[in-house]
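What follows is a set of notes on a single structure, which appears directly below.
Bear in mind these aren't lab numbers, they're just calculated from the coordinates by the rules spelled out. Remember, predicted model here, so these are calculated numbers, not experimental data. So basically every Cβ, Gly included, is an ideal-geometry build from the backbone, and we count neighbours across all protein chains shown.
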Amino acid sequence: MVTVLLMALAVMPLTGLAQIKIAFTTPADAQRSGSYVWASTFAAELQKAGLEVIIYPSSTLGNEVVRTEQLLLGLLEVNITGSQEVEMFSDLYLGLELPFLFQSTEELFALTDDTDFLARVNATTRPSGMRVVDFVYGGGMTGLFTANTPVHRLEDLTELRLRAMNAQQLDFFLAWGCAGTQVAWEEVPQALQTGIADGYLNSPIIAVQFGHGGQLDYFTRLMLQASTRTVVMSEQWYQGLDGDTQKIVDHAIVQARKANHIWNASAELTEFQLLEDIGIEVITLSTHERERFRQKLLPLYQAIPAQVLNEITELVNQVREDQ
C-alpha cells in the first residue's frame, strides 16, 4: 500500500541510488485520477525492489513547462505531462494529436502496445534528454465543457470564449467560429469564475477530479481525441541506472500500464453518471452535428508535414486492420 506524506513512499533505498521523483498535475485520487493510478502502481513496484520514491501530485513541483525543464536537466526522474511538452521534440507525436483521428481509446492502446510508435518517437526525443515510456489514460474521449450555454450545434459556440491548452486548440476554436484564450490549467478555476473562459475541452472525468461542478453546466460529447497524458523519463537518469535497475523500472512501467488500462475501462463506464451527480448535463450530438464539427477541423490536417501525416495514418490503419 502506498502511504502519503507529501506523497512520500519511503523504504530502504538500494545503495547509491537517490530518491526517484514522480510528478503530475492531477490530485492523488485512486478513484478519479488515471495519472495517480499509474504513478502509485509504478512506485509500488519500485518500492518492492528497495527503491525510494516520492510522488508529487497536483503540480506540486510546478506546471508542465517547469517540470519539463527539470526533467531535461536531470532534476526530475519521471513526469506525467501534456502532449505539448513532447511535440517540441517529435513531429510524429504532433500527428497523434490530430482531431477525430481515433475512434476509441482502444485504438490508441493498440498503437502503443502493438506497433513501434513509441520507438519512433523516442528516436527524436531521447537525444534531447526525454524518454517517452507510456500513455496515461484519463477516462473517455475528449468533449466540451461549458458554463451557462448548452452546445447542441456548431452555431451554439458563436458567442463563447473557450480555454485553450495550446495553439492547436486555438486553431480548433477558430475553425468552429468561436474565440479562444490560452490559460494554464492551474488558472482554469479563476478563468471560469471571472468569465475569462466559458469552458474547455477535456475528458469527462476531469471536471469531477478538479471539482468544477459549481462552475460548469454542460458536457458535449464530441469524442474529439483520446484523453491521455504522456509519461516521460529523464534519459540522463535512465541511462545512469545499471542493467538490473533498468529491468526493474521497465517491469514497473508494464505493471503501471496494466493498472491504468483497468482503471480507465471502469472510468468510462461511470464518468457520465459522475458528471450528472455534480450537476453537469451530458449532451450527445447527433451524427450529423458531430460530422459538422469534424469537417471544420479537417483542413488542419494540412498543417502537419505530409511525411508525418502519412506515417501516423499508416500506423492507425495498421491498428484497425489488426483489430
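Among all the lysines, which ones have a C-alpha under 23 Å from residue 258's C-alpha, if same-chain residues fewer than 8 places away are not counted?
Within the straight-line limit of under 23 Å, residue 258 reaches these lysines: 21, 48, 247.
So what's the angle, to the nearest 10 degrees on a 0 to 90 scale, between helix 167-176 and the longest Cα principal axis of the chain?
Here the helix axis deviates by roughly 20 degrees.
May I ask you to give the average projected area over all directions of the convex hull of the Cα atoms of the range 42-122, in nm² rounded to one decimal? Show your work: numbers first, answer last.
Working: hull surface 28.0 nm².
The number I arrive at for the range 42-122 is 7.0 nm².
Top mean-square fluctuation among 280, 80, 262, Gaussian network model of the chain, C-alpha springs under 10 Å?
Answer for the Gaussian network model of the chain: 262.
Based solely on its DSSP helices, what 222 nm [θ] is calculated for the chain when runs of n ≥ 4 H residues each add -39,500 (n - 2.57) and the sum is averaged over all residues, nearest 500 deg cm²/dmol?
Computed mean residue ellipticity for the chain: -13500 deg cm²/dmol.
Please give the helix 34-48 orientation as an angle from the longest Cα principal axis of the chain, in degrees from 0 to 90, rounded to the nearest 10.
Value to nearest ten degrees: 10.
Compute the relative contact order of the range 53-117 as a whole-number percentage, counting only Cα pairs closer than 8 Å that sit 6 or more residues apart in sequence.
With pairs under 8 Å counted, the relative contact order is 16 percent.
In a Gaussian network model over the chain where Cα atoms closer than 10 Å are linked, find which of 188, 132, 37 has the largest mean-square fluctuation.
188
Please tell me the relative contact order of the range 17-86 in percent, rounded to the nearest whole number, where contacts are Cα pairs under 8 Å and at least six residues apart.
Rounded, it is 43 percent for the range 17-86.
Taking the Cα centroid of the range 130-197 and of the range 30-82, what is the distance between the two, rounded to the nearest whole Å?
Each part reduced to its Cα centre gives a spacing of 25 Å.
PRE reach from residue 182 (point 7 Å along Cα→Cβ): which of the range 151-168 fall under 16 Å by backbone N?
Taking a point 7 Å out along Cα→Cβ of residue 182, the residues of the range 151-168 whose backbone N falls under 16 Å are 162-168.
Any idea what the relative contact order of the chain is, in percent, if you count C-alpha pairs under 8 Å spaced at least 6 apart?
This gives 24 percent for the chain.
Antiparallel as a % of all DSSP beta bridges within the chain, to the nearest 5?
55
Would you order 208, 183, 66 from fewest to most other beta-carbon atoms within 10 Å of each residue's own beta-carbon?
Ordered from fewest to most neighbouring Cβ atoms within 10 Å, 208, 183, 66 come out as 66, 183, 208.
Might you report the magnitude of the Cβ-based charge dipole of the chain about its Cα centre, with Lys and Arg at +1 and Asp and Glu at -1, to the nearest 20 debye?
260
Among 146, 270, 287, whose mean-square fluctuation peaks in a Gaussian network model of the chain (Cα, cutoff 10 Å)?
287
Can you give the Rg and Dmax of the chain based on its C-alpha atoms, in angstrom?
19.5, 62
Helix 306-322 sits at what angle to the longest principal axis of the chain, using alpha carbons and giving 0 to 90 degrees rounded to 10?
That works out to roughly 80 degrees.
Could you work out how much longer the chain between residue 281 and residue 128 gets when fully extended? Use 0.36 nm per residue separation minus the Cα distance between them, nm to one decimal.
50.7 nm
If each residue of separation counts as 0.36 nm, what is the full-extension length gain between residue 322 and residue 269 once their alpha-carbon separation is subtracted?
So the extension gain works out to 16.6 nm.
Counting other C-beta atoms within 10 Å, and keeping those with at most 16, which DSSP coil trypsin sites (Lys or Arg not before Pro) do you find in the range 117-203?
153
What distance in nm lies between label points placed 7 Å from Cα along the C-beta direction at residue 167 and residue 294?
For the pair residue 167/residue 294, the computed spacing is 2.8 nm.
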